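Novice: Please read through the structure below; I'll follow up with questions.
Coordinate-derived values only; no laboratory data. Bear in mind the structure is a predicted one, so any value in this text is a computation, not a measurement. Here the Cβ is made from the backbone with ideal geometry for all residues, glycine too, and neighbour counts use every protein chain on show.
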């Protein structure tokens, strides 16, 4: 399994987290709707911002996504900045959006994990 590159940093700035249990909801003719989860563990989506120091590291990160993660579809381990726990994740839809205020580059990525 691939490992998140050491030169890239997952920032707390802009960090968002959403759990999805794929709840089935049935409206009733009368009374309260019924609900039940489809999964015992949620798919957790995390919106993260990744920082790299320069254009070379950006190119290396793009190569890592393309080759090691098969275009972002593969799983990798990374350290969650909230709790410093190593988790298994993949990039949702393989999408990485880059921006740069100068020399430093930032990537906005959605990661998904199980549980």
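Novice: With the crude spin-label approximation of a point 7 Å out along Cα→Cβ, what separation in nm comes out for residue 73 versus residue 28?
Specialist: Roughly 4.4 nm, to one decimal.
Novice: Note down the relative contact order for the chain as a percent, whole number, built from C-alpha pairs under 8 angstrom at least six residues apart.
Specialist: Reported relative contact order: 30 percent.
Novice: Still on this structure: Could you compute the FRET efficiency for residue 44 and residue 100, with r as their C-beta to C-beta distance and R0 at 41 Å, rounded to 0.05?
Specialist: Numbers: r = 29 Å, r/R0 = 0.70.
E between residue 44 and residue 100, to the nearest 0.05, is 0.90.
Novice: Quick one: order 24, 111 by neighbouring beta-carbon count within 10 Å, fewest to most.
Specialist: Details: 24 10, 111 22.
Ordered from fewest to most neighbouring Cβ atoms within 10 Å, 24, 111 come out as 24, 111.
Novice: Where the centre of each part is set by its Cα atoms, how far does the range 55-71 sit from the range 1-48, in angstrom?
Specialist: Cα centres, the range 55-71 to the range 1-48: 26 Å.
Novice: Something else: If I build a Gaussian network model for the chain, linking alpha-carbon pairs within less than 10 angstrom, which residue out of 17, 27, 47 has the largest mean-square fluctuation?
Specialist: 27
Novice: Note the listed values (1) 7.3; (2) 8.9; (3) 10.6, then indicate which one is mean projected area of the Cα convex hull in nm² calculated from this particular structure.
Specialist: It is the value labelled (2).
Novice: Please state, to two decimals, what the Cα-based radius of gyration of the range 63-109 comes to when divided by 2.2 N^0.38 Å (N = residues). List each step's numbers first, then the result.
Specialist: Working: Rg = 12.1 Å, N = 47, 2.2 N^0.38 = 9.5 Å.
Normalised by 2.2 N^0.38 Å, the Cα Rg of the range 63-109 equals 1.28.
Novice: So for 60, 40, fewest C-beta neighbours within 10 Å to most, what's the order?
Specialist: Numbers: 60 15, 40 7.
Arranged by neighbour count, lowest to highest, 60, 40 become 40, 60.
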